[in-house]
Amino acid sequence: MADSGADQGYKKYDSYYLAVDPEQDDKATEIKLCNFSRPHMRAFHFSWWCFFIAFFIWFAIAPLLGEIQDTIGLTKQQIWTSNIVGVGGTIFMRFAMGPACDKFGSRVLFAILLCCCSIPTSLTGIINSPLTLTILRLFIGFVGATFVPCQYWTSRMFAKNVVGTANALVGGWGNLGGGVTQLVVGSLLFPLFKYFYNDGERTTARIAELAWRSVNVVPAVVGFMTGVAVYCFSDDAPKGQYKELKKHGVMPEVSAAASFRDGAFNINTWLLFIQYACCFGVELTMNNAAALYFREEFAQNTESAAAIASIFGWMNLFARGFGGFLSDKFNARMGMKGRLLIHTICLAAEGGMVLIFANSNSLVFAIILMVFFSIFVQAAEGTSYGIVPYVDPPNTGSISGIVGAGGNTGAVAFGMGFRQLDYKEAFYLMGFSIIGSSVLSIFIFIKGCSSLLCGGTDEPVGSEKIATLEVPEAPAKASPAPAPYSASTPAPPAADIDDDEMSMEC
């Protein structure tokens, strides 16, 4: 257990289980995956779990769309309209979540979104027309905004030498919920509910209808309970809850409008917005399309199509985290130029894999290609949020929200393509768009950082000069110089931490 140093004003904890950097607002300089202690690792695990459950709520209906189509007679266009609305409604919410994170913190926003969006999820059984399906998916889709507090929370808890890895891990493990949902709802819960409803007298169609109308109560209950738990058993920041920090003058009141304005006026924000549309937007589109694609193109039934589609999401178990890890490693060797380079490579490779996948006619070959396609998608997401924390540290929440909204914007755009075109043409549109977005990296110029082609040098970050992602401190009276950092197992001062020494362990 590490002492955080001399008195720095009010703080909830006098010591931490992780090594921290006092110059970066007591952010952790290491990640211990098997540790669940407050505040750092508790926030880490709640971040990915809440986002995971958000996906469980958000896409619980996706593997059931074929059954809903059979029951109420939906057309392809009506299904894709609901898909587009389901991800499109999140765009505004993600814009709003960014400055809201700067003002209220992630914990409160997670609780509100999960509890509120669990309600329409539980009402899936009332669907009786294309209109009710679309409206319900609109309100359920708001839960996708949890991505912003997910990324903001770990950015608030972890120092610059590990923040890329931390962001990528929680984002990737959260995204894993998309694949798990396909498997759990489509291949496990749906058949189980059909078994319970099979009394020997009902028709097969009636049994299937009763099952899809009631099965989503399960993710709704889990989502609501998770929202309550995250509010009660976690912290907003290393030093405690925002409310207490503001009360004791340690943290000033943040203007949500000013935060959003500063983030939105940075051109790098919008370049990353486009690029994130071409990775996370692709993942959201595949979460909606994969089961239908394998059901229609390869004549699979609902259960097997859902199981195959889940493979795409399962790559999140490691791929997004690996992208963030690579981003941190390239940064240690080449600075921001390294982050931009690996980011560009992942995007270009992703686009190429989409084009190859579009031409696969063999089920086995298509599954293999989808695995590699998915790996590059998730890795590009990880490298994206290895860059975001550096764009404008004081306004990270707003920038995270805007870039995150890019993912949903991309899903809407690609969804329109799948709605109007056949699958092959839609995948071509997707692939060439992704490759085009990779070129935008050469136009990203972040103050104090090197660029992809024009060189430059990276200014010192962290305790050497600035606190990455630190919420500005309120003016305070002069106080004695901080005492030396200490820990039960001595750790080097934060200023001496090598960027290449990325401490991540169990």
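The values are calculated or read from the model by the stated rules, or taken from the named source; none is laboratory data. Here the structure is a predicted model, which is why all the values come from computation and not from measurement. Glycine gets a Cβ as well: all are built from the backbone with ideal geometry, and neighbour counts include every protein chain shown. In case anyone asks, the SASA skips ligands and DNA or RNA and just uses the protein heavy atoms, side chains included. Shrake-Rupley method; radii C 1.70, N 1.55, O 1.52, S 1.80 Å.
Number of residues in the range 10-26 that are among the small types (Gly, Ala, Ser) and closer than 21 Å to residue 160 by Cβ: the value is 1.
Got a sec? Which of 413, 426, 380 is in contact (Cβ under 8 Å) with a residue 12 or more places away in the chain, more than 27 Å from residue 103 (Cβ to Cβ), assigned to a helix (DSSP H, G or I) and within 15 Å of the chain's Cα centre (by Cα)? From the options 413, 426, 380, the qualifying one is 380. Name the single residue that is nearest to residue 324 (Cα to Cα) among those in the range 363-384 being open to solvent by 10 Å² or more (accessible area, probe 1.4 Å) and not aromatic (Phe, Trp, Tyr). By that ranking, first place goes to 375.
Being crowded, with 18+ Cβ neighbours inside 10 Å, among the aromatic types (Phe, Trp, Tyr) and more than 30 Å from residue 186 (Cβ to Cβ) narrows it down to one residue among 273, 280, 312; which is it? None of the others qualify; the one that does is 273.
Filtering the range 16-36 to residues that are at pLDDT below 90 and among the polar types (S, T, N, Q) leaves only 24. Condition check: among the hydrophobic types (A, V, I, L, M, F, W, C), surrounded by fewer than 20 Cβ atoms within 10 Å (Cβ to Cβ) and part of a helix (DSSP H, G or I). Does residue 347 satisfy that? No. Being of a type in the set (Val, Ile, Thr) and buried (at least 24 other Cβ atoms within 10 Å of the Cβ) is the filter; apply it to the range 170-184 and report the residue that is nearest to residue 219 (Cα to Cα). Applying the filter and picking the extreme gives 181. When every residue of the range 185-193 is checked against the conditions, none turns out to be of a type in the set (S, T, N, Q), over 25 Å from the mean Cα position of the chain (by Cα), more than 26 Å from residue 408 (Cα to Cα) and open to solvent by less than 60 Å² (accessible area, probe 1.4 Å). Here residue 259 qualifies as among the small types (Gly, Ala, Ser) and open to solvent by less than 60 Å² (accessible area, probe 1.4 Å). Just one of (1) at pLDDT 90 or above; (2) part of a helix (DSSP H, G or I); (3) out of contact with any Gly (no Cβ under 7 Å at 6 or more places or on another chain); (4) surrounded by fewer than 20 Cβ atoms within 10 Å (Cβ to Cβ) fails for residue 360. It is (2).
If I ask for residues that are aliphatic (A, V, I, L, M) and in a loop (DSSP other than H, G, I, E, B), which ones from the range 115-142 would you list? 123, 127, listed by residue number. For the range 297-309, the set of residues classified as assigned to a helix (DSSP H, G or I) and either of a type in the set (A, V, I, L, M, F, W, C) or open to solvent by 40 Å² or more (accessible area, probe 1.4 Å) (or both) consists of 297, 303, 305, 306, 307, 308, 309, listed by residue number.
Hey, could you check the range 97-129 for residues that are closer than 22 Å to residue 407 by Cβ and surrounded by fewer than 19 Cβ atoms within 10 Å (Cβ to Cβ) and say which is farthest from the chain's Cα centre (by Cα)? Ranking the candidates gives 116 first.
For residue 100, indicate whether it is in contact with a strand residue (DSSP E or B) (Cβ under 7 Å, 6 or more places away or on another chain) and closer than 30 Å to residue 23 by Cβ. No. Cβ-Cβ distances below 7 Å connect the following pairs, each with a first residue in the range 319-340 that is on the phi > 0 side of the Ramachandran plot, a second residue that is open to solvent by 60 Å² or more (accessible area, probe 1.4 Å), and a separation of six or more residues or different chains: 335/458. May I ask you to list the residues in the range 223-255 that are open to solvent by 50 Å² or more (accessible area, probe 1.4 Å) and β-branched (Val, Ile, Thr)? Answer for the range 223-255, where residues must be open to solvent by 50 Å² or more (accessible area, probe 1.4 Å) and β-branched (Val, Ile, Thr): just 228. Residues in the range 73-96 that are open to solvent by 20 Å² or more (accessible area, probe 1.4 Å) and part of a loop (DSSP other than H, G, I, E, B): 73, 75. Among the residues examined, residue 279 qualifies as over 17 Å from residue 62 (Cα atoms) and touching an Asp or Glu at 6+ places or on another chain (Cβ under 7 Å). Within the range 197-216, residues that are touching a residue at least 60 places away in the same chain (Cβ under 8 Å) reach partners that are assigned to a loop (DSSP other than H, G, I, E, B) and open to solvent by 40 Å² or more (accessible area, probe 1.4 Å) with beta carbons closer than 9 Å, at six or more positions or on different chains, in the pairs 216/123. Screening the range 51-72 for residues that are touching a Pro at 6+ places or on another chain (Cβ under 8 Å) and open to solvent by less than 10 Å² (accessible area, probe 1.4 Å) and picking the one that is nearest to residue 290 (Cα to Cα) gives 60. Taking the criterion of being under 18 Å from residue 69 (Cβ atoms), among the β-branched types (Val, Ile, Thr) and assigned to a helix (DSSP H, G or I), the residues of the range 182-212 that qualify are 185, 204, 207. Taking (1) assigned to a helix (DSSP H, G or I); (2) farther than 30 Å from residue 364 by Cβ in turn, residue 252 satisfies each apart from (1).
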